[in-house]
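Encoded as structure tokens, the structure appears first; notes follow it.
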Amino acid sequence: SSLIYSGIFNSRTGINQTNQFSVAEEITRSVDPISGSIQKLFAEDTNLLVFQERKVNNALIDKDAIFTAEGSAITTSGKLVIGQITPISGEWGIATNPESFADYGYAKYFVDRHRGAVLRLAGGQITEISNYGMIDFFRDQLSAVTSTGAILGCYDNYNKNYVLSIQPNSRYDYGVYKTLSFDERSKGWTSFFDFKPSFMFSLTSTFFSTNSGKLYSHYGNSAHGRFY
């Protein structure tokens with residue numbers, strides 16, 4: 001539940017201090033250990049999102065904050081690499097499934113398996129998008145995911161959807177699974193799919209997935225709805 005950073009790396013000048021950790025400087029930052037281990041870091045402009053198992057935090061980068069008597073934060077410049085860490089409201093985390101994370105524009109999507117919820121982080125607020133007509137479904141499906149299972153998330157740049165594949169046992173076990181998509185425009189879960197990916201990603205406006213070591217480009221043929 002702690003972060004530590006090394007010296008700088010500059011490829012233009014040949015400076016490489018990534019193996020140096022100066023004890024004379026304040027190079028560690030810790031979050032509340034009661035919220036579990038840190039599972040994912042995501043850099044957003046000049047801030048750093050820190051995802052724990054049961055909490056999401058926002059950390060300042062290359063600046064710190066001092067507080068007025070009323071409790072309002074005033075950002076100040078400084079030499080700190082990681083500044084003030086503040087938790088985002090809501091008892092949500094990313095559990096032990098950082099592979100569920102996806103982002104597009106200002107929105108970040110992820111899954112809290114322990115609470116049976118699919119979440120969206122935008123504008124500093126977390127919204128439970130699994131509530132949009134799918135409460136029972138996600139409660140049942142996410143509770144069935146084992147320690148070896150996977151919850152894969154990706155943003156489909158072609159259809160502008162968040163694609164989620166719940167695989168209870170393993171991403172390489174092509175048995176039970178559920179793959180579906182969330183559409184921000186309609187505020188709902190619009191489609192179920194019959195493919196089970198081992199990995200998904202978008203490149204420019206094309207959506208790709210892998211299966212059994214093969215790479216597939218979606219929406220590119222005339223057999224609509226057929227995969228793999």
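The values are calculated or read from the model by the stated rules, or taken from the named source; none is laboratory data. Just so you know, these numbers come straight off a predicted model, no measurement behind them. Methodologically, a virtual Cβ is constructed for each residue, glycine included, from the backbone with ideal geometry; neighbour enumeration extends over all protein chains shown. Accessible surface areas use protein heavy atoms only, side chains included; no ligands, DNA or RNA. Shrake-Rupley method; radii C 1.70, N 1.55, O 1.52, S 1.80 Å.
Values for this structure:
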{"item": "Where a label projected 7 Å from the Cα of THR190 along Cα→Cβ would reach, residues of the range 96-130 with amide N under 15 Å", "result": "none"}
{"item": "Using θ = phi - 60° and Karplus 6.51 cos²θ - 1.76 cosθ + 1.60, couplings along the range 182-194 (whole Hz; Gly, Pro as x)", "result": "10, 10, 5, 5, 9, 6, x, 8, 9, 8, 9, 10, 9"}
{"item": "Probe 1.4 Å, accessible area per residue of the range 101-228, Å²", "result": "50"}
{"item": "Of GLU184, GLU26, GLU99, the one that fluctuates the most in a GNM where the chain has Cα springs shorter than 10 Å", "result": "GLU26"}
{"item": "Net length gained if the chain between SER2 and ASN157 were fully extended (0.36 nm per residue, minus Cα distance)", "result": "52.4 nm"}
{"item": "222 nm mean residue ellipticity, helices alone, for the chain (DSSP H n ≥ 4; -39,500 (n - 2.57); rounded to 500)", "result": "-1000 deg cm²/dmol"}
{"item": "Span from the the range 85-103 Cα centroid across to the the range 132-170 one, whole angstrom", "result": "15"}
{"item": "GNM top mover of TYR132, TYR177, TYR155 - the chain, alpha-carbon springs below 10 Å", "result": "TYR132"}
{"item": "Solvent-accessible area, 1.4 Å probe, carbon plus sulfur percent, for the chain", "result": "51"}
{"item": "Top positive-direction residue, dipole computed over the chain with Cβ charges, set SER37, ASN47, TYR216", "result": "TYR216"}
{"item": "Förster radius 30 Å - calculated FRET efficiency between GLN17 and TYR106 (Cβ-Cβ, nearest 0.05)", "result": "0.35"}
{"item": "Radius, Kirkwood style, for the chain when every pair of distinct Cα atoms is counted (Å)", "result": "19.5"}
{"item": "Virtual spin-label span in nm between SER170 and SER37, 7 Å along Cα→Cβ", "result": "2.0"}
{"item": "Tail weight of P(r) past 20 Å, computed on alpha-carbon pairs of the range 111-228, percent", "result": "42"}
{"item": "Charged-residue dipole, Cβ positions (Lys, Arg, Asp, Glu), the chain about Cα centre, Debye nearest 20", "result": "540"}
{"item": "Amide H contacts under 5 Å for GLU184, placed H, 5+ residues apart", "result": "TYR162"}
{"item": "Phi to ³J(HN,Hα) by Karplus 6.51 cos²θ - 1.76 cosθ + 1.60 over the range 23-39, Hz, x for Gly, Pro", "result": "6, 7, 10, 8, 10, 10, 9, 10, 10, 5, x, 5, 8, x, 6, 6, 9"}
{"item": "Amide H contacts of PHE101 (H built 1.01 Å from N, under 5 Å, at least 5 apart or other chain)", "result": "GLY153"}
{"item": "In Hz, Karplus ³J(HN,Hα) per residue of the range 155-164 (6.51, -1.76, 1.60; θ = phi - 60°; x = Gly, Pro)", "result": "9, 7, 5, 6, 9, 6, 10, 8, 9, 10"}
